[in-house]
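Here's the structure we're looking at; comments come further down.
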Amino acid sequence: AQSVTQPDIHITVSEGASLELRCNYSYGATPYLFWYVQSPGQGLQLLLKYFSGDTLVQGIKGFEAEFKRSQSSFNLRKPSVHWSDAAEYFCAVSGGYQKVTFGTGTKLQVIP
Amino acid sequence: DSGVTQTPKHLITATGQRVTLRCSPRSGDLSVYWYQQSLDQGLQFLIQYYNGEERAKGNILERFSAQQFPDLHSELNLSSLELGDSALYFCASSPRGAGGQETQYFGPGTRLLVL
């Protein structure tokens, strides 16, 4: 069965600092991987996705993620965080036509 | 704005009652997915419909049911409600219903509170 682990429940970074959110997945074959962001009171918005090809994926709002098969990871990064990035971030995995399994989320707090 | 609409935004009801949540997918999307987000369970996939037919089932309770109508809007029916059903219910849509192969576009959710 597929699963996703986001080991950090809560992360606090200073505005302008770099950010890395961790995501580890479990799936037997090549997975489809996603990062979504959820602002308070909002639905989930797709930041980026990996299906195949280049393992470094660029997304919206200046985010990127790198697929590392050897580590079963798909960490999300941003070089310089803005206050508006404060939100909850969800990593998700799918085997294709199967359902999408979401991680438990990481809440990001940005301090001035 | 994802283009997916959900009504109502908030719903307060009592245990034992029945409620219906409504979702309109993005224009052109044939598939609708329902998710439940709660503090203890996280974001759980409930069920997927494609062009009116059930395509995939997740952790959906027998007290819950859904359907997708010919105009592609979908309704999630929750009956014999319990306190533990209090959660945020999301609807998402995608063009071809290819599950994890497609981007799913999420609505703003319906917050259900069962008292």
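The values are calculated or read from the model by the stated rules, or taken from the named source; none is laboratory data. Computed from a predicted structure; not experimentally measured. Using ideal geometry, Cβ is built from the backbone for each residue, glycine included, and neighbour counts are taken over all protein chains shown.
Annotation: of all residues in the range A:1-18 being in a strand (DSSP E or B) and under 11 Å from the mean Cα position of the chain (by Cα), the one that is nearest to B:SER2 (Cα to Cα) is A:VAL4.
Looking across B:GLY58, B:GLY107, one residue alone is touching a Leu at 6+ places or on another chain (Cβ under 6 Å), small (Gly, Ala, Ser) and within 11 Å of chain A (Cβ to nearest Cβ). It is B:GLY58. Residues in the range B:1-24 that are hydrophobic (A, V, I, L, M, F, W, C) and within 13 Å of chain A (Cβ to nearest Cβ): B:VAL4, B:CYS23. A Cβ distance below 7 Å, combined with a sequence gap of six or more or placement on separate chains, defines the contacts here; from the range B:32-52, residues that are of a type in the set (Ser, Thr, Tyr) reach residues that are surrounded by fewer than 21 Cβ atoms within 10 Å (Cβ to Cβ) in the pairs B:TYR35/B:GLN44; B:TYR49/B:ARG55; B:TYR50/B:LEU30. A Cβ distance below 8 Å, combined with a sequence gap of six or more or placement on separate chains, defines the contacts here; from the range A:72-88, residues that are over 15 Å from A:THR104 (Cα atoms) and of a type in the set (Phe, Trp, Tyr) reach residues that are loosely packed, with under 15 Cβ neighbours inside 10 Å and at pLDDT 95 or above in the pairs A:TRP83/A:GLU15.
What number of residues within the range A:56-96 satisfy the criterion of being of a type in the set (Ser, Thr, Tyr), farther than 21 Å from A:SER39 by Cβ and within 14 Å of chain B (Cβ to nearest Cβ)? Give the steps one after another, and end with the answer.
Residues of the range A:56-96 that are of a type in the set (Ser, Thr, Tyr), as a first pass: A:70, A:72-73, A:80, A:84, A:89, A:94.
Next, only the ones that are farther than 21 Å from A:SER39 by Cβ stay: A:70, A:72-73, A:94.
In the following step, the residues that additionally are within 14 Å of chain B (Cβ to nearest Cβ) were identified as A:94.
Of the residues in that region, 1 qualify.
Looking at the range B:94-115, is at least one residue part of a strand (DSSP E or B), within 20 Å of A:PHE102 (Cα to Cα), modelled with pLDDT of 95 or more and of a type in the set (S, T, N, Q)? Yes, some residue in the range B:94-115 is part of a strand (DSSP E or B), within 20 Å of A:PHE102 (Cα to Cα), modelled with pLDDT of 95 or more and of a type in the set (S, T, N, Q). A residue that is at pLDDT 95 or above, within 17 Å of B:GLY100 (Cβ to Cβ) and aliphatic (A, V, I, L, M) occurs somewhere in the range A:55-64. Under the condition of being modelled with pLDDT under 95 and among the aliphatic types (A, V, I, L, M), the residues counted in the range A:25-47 number 4.
As for the range A:11-26, it holds at least one residue that is of a type in the set (Lys, Arg) and away from chain B (no Cβ under 14 Å). For the range B:73-81, the criterion of a residue being over 11 Å from the mean Cα position of the chain (by Cα) and within 14 Å of chain A (Cβ to nearest Cβ) is satisfied by no position.
Note on the range B:37-73: among residues that are among the small types (Gly, Ala, Ser) and not in a strand (DSSP E or B), the one that is farthest from B:PRO25 (Cα to Cα) is B:GLY58. Against the numbered list (1) under 25 Å from B:SER93 (Cα atoms); (2) surrounded by fewer than 21 Cβ atoms within 10 Å (Cβ to Cβ); (3) under 15 Å from the mean Cα position of the chain (by Cα), A:ARG77 comes up short only at (1). Of note, B:SER27 satisfies the criterion of being more than 10 Å from chain A (Cβ to nearest Cβ) and surrounded by fewer than 20 Cβ atoms within 10 Å (Cβ to Cβ).
Just checking, does the range A:39-53 include any residue being out of contact with any helix residue (DSSP H, G or I) (no Cβ under 8 Å at 6 or more places or on another chain), more than 13 Å from chain B (Cβ to nearest Cβ), farther than 21 Å from B:GLN101 by Cβ and not in a strand (DSSP E or B)? No, that holds for no residue.
Scanning the range A:101-112 for residues that are within 13 Å of another protein chain (Cβ to nearest Cβ) and either touching a Cys at 6+ places or on another chain (Cβ under 9 Å) or within 21 Å of A:GLN58 (Cβ to Cβ) (or both) yields A:PHE102, A:GLY103, A:GLY105, A:THR106.
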